[in-house]
Amino acid sequence: MKVLVVGNGGREHAIAWKISQSPLVKELYCAKGNGGTAKIAKNIPIEPIHVEALADFAQREGIDFTIVGPEAPLVAGIVDEFEKRGLKVFGPNKRASLLEGSKAFAKEFMQKHQIPTAEFHIFGDPQKAKNFVKDFGLPVVIKADGLASGKGVFICKSYEEAYQTIDKLMVKKVLGEAASKVVIEEFLEGEEASYIVMVNGDRYVPLPTSQDHKRLLDGDKGPNTGGMGAYSPNPFVDEDTERSIKELIIERVIKGLKEEGINYRGFLYAGLMLTQKGPKVLEFNVRLGDPEAQPLLMRIRGDFCEALLNFYEGKDISLDIDQRHTLCVVLASKGYPEKPEDGKEIKGLEEVEGMEDVVIFHAGTEIREGKVFTKGGRVLNVCAWGENLKEAQEKAYNAIKRIHFEGMHYRKDIGYRALLHFQR
Ligand code: AMP
Ligand code: GLY
């Protein structure tokens, strides 16, 4: 069969890598892919957001199954467009994608369906937002309603900072229409967890747990990014916690969607804070996380394409999970996340390719005349398997020593929270 993966990040390279191992897959395409997918799939020069052009391509090529990686095409309605044309595609439709596309929608949905989340208020007027915030406890969290590539969340420690944030978002409109509404919410404390499931109507299948590292700098300092590294499993999600996540969050979402008449088929990502009072939702994403997908897919054994197809068709499936631990470190360009520099040659990749228990997923890379160059903020994902988290961490950082590009930077402490807490 012919499979198309939509997207060009590390997540999509990991999806393509996993799918390419399936004997069912005869031809694999990636739109528009990167320097890594170029080696295992045919890169198609169509932007992920050009949903009609992608549907035209899928029809013309006779693509049997499409998997959508990023949120933007999902929110833009790629699934509706494909389904209209009778094309099989795994991902939620436009209406269901509002769970990620609008934080205001997601918060109201959670309130209505009694899904635990931070207390919140929604504002479309900057003055009203400021009047409200002055009586709210500190720190206060301010979020742009719409998509902002991980740059729409602000944790303000003073009222002055909160006013400035509201001005930046709603008056100066630095994120454009994404912040025409803002959500102001309570600051939650605890460990974070990314809990991702595959959903098809009433059915769901949990994927391995993971923890992302969203801040740019070691020790969780600096601005939020799309994610600087992740690992799986997430040991903070013990059995009891997982049971609460399923009962209080995932199953209520599925029931709520049904009540709203929304049919959901695709990955569903609950970004959680594990608080003293139990797990609470920070956000929903309607896709796999990036970089969480990388360590997570590395732990799925067997034919994931077949499993996904069966699940898509409404059959029950069970996944065979590797008990080893996986860890992924993001290598970023100088200037990321604000203004990443492009066009730097990457050296040392061949050396790492032969290393045991290590795999590299490309994100912002391209190949020119046989050489690999940076093209984007997050450039490479260096990932490893280990018998425990510490071993996976050591193997990943050992591989990184051999890779170089000008301005390369990365966090040196991916996995530290679990290692500190569980001391292993
Ligand atoms: P989000 O995009 O909503 O997941 O937010 C990005 C990151 O900001 C999260 O992963 C958390 O680290 C942090 N964050 C978001 N909302 C809150 C909150 N209510 N309390 C504490 N931290 C938060
Ligand atoms: N790593 C967080 C996300 O994919 O949204």
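The values are calculated or read from the model by the stated rules, or taken from the named source; none is laboratory data. What you see is a predicted model, and the numbers here were worked out from it, not measured in a lab. Positions of Cβ are backbone-derived with ideal geometry, glycine not excepted, and every protein chain shown enters the neighbour counts.
Figure legend. Inter-residue proximity from region 223-237: first residues on the phi > 0 side of the Ramachandran plot, second residues in a loop (DSSP other than H, G, I, E, B) and near ligand 1 (Cβ under 10 Å from one of its atoms), beta-carbon distance below 6 Å, spacing 6+ or different chains. Indicated pairs: 227/214; 229/213.
Considered as a group, the residues in region 210-233 that are part of a loop (DSSP other than H, G, I, E, B) and more than 13 Å from residue 288 (Cβ to Cβ) include one that is nearest to ligand 2 (Cβ to nearest atom), and that residue is 214.
Taking the conditions (1) within 28 Å of residue 265 (Cα to Cα); (2) modelled with pLDDT of 95 or more; (3) touching a Lys or Arg at 6+ places or on another chain (Cβ under 7 Å); (4) within 12 Å of ligand 1 (Cβ to nearest atom) in turn, residue 193 satisfies each one other than (3).
I'd like the full set of residues that are assigned to a loop (DSSP other than H, G, I, E, B) and touching a Leu at 6+ places or on another chain (Cβ under 6 Å), limited to region 255-286.
Listed by number, the residues that qualify are 264, 286.
Scanning region 11-55 for residues that are small (Gly, Ala, Ser) and touching a His at 6+ places or on another chain (Cβ under 7 Å) gives 35, 36. Checking each residue in region 136-170 for being part of a loop (DSSP other than H, G, I, E, B) and free of Cβ contacts under 8 Å to residues at least 60 places away in the same chain picks out 136, 137, 138, 139, 145, 146, 148, 152, 157, 158.
For region 382-424, a tally of residues being under 12 Å from residue 326 (Cα atoms) and in a helix (DSSP H, G or I) returns 8.
For (1) more than 13 Å from residue 104 (Cα to Cα); (2) at pLDDT 95 or above; (3) touching a helix residue (DSSP H, G or I) at 6+ places or on another chain (Cβ under 7 Å); (4) more than 16 Å from ligand 1 (Cβ to nearest atom), each residue gets a yes or a no:
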position	(1), (2), (3), (4)
116	yes, yes, yes, no
121	no, yes, yes, no
125	yes, yes, no, yes
130	yes, yes, yes, yes
144	no, yes, yes, no
149	yes, no, no, no
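Total residues in region 110-135 satisfying the condition of being buried (at least 21 other Cβ atoms within 10 Å of the Cβ) and assigned to a helix (DSSP H, G or I): the figure is 3.
For region 271-279, does any single residue satisfy the condition of being within 13 Å of ligand 1 (Cβ to nearest atom), surrounded by fewer than 18 Cβ atoms within 10 Å (Cβ to Cβ) and within 27 Å of residue 146 (Cβ to Cβ)? Yes; the residues of region 271-279 include at least one that is within 13 Å of ligand 1 (Cβ to nearest atom), surrounded by fewer than 18 Cβ atoms within 10 Å (Cβ to Cβ) and within 27 Å of residue 146 (Cβ to Cβ).
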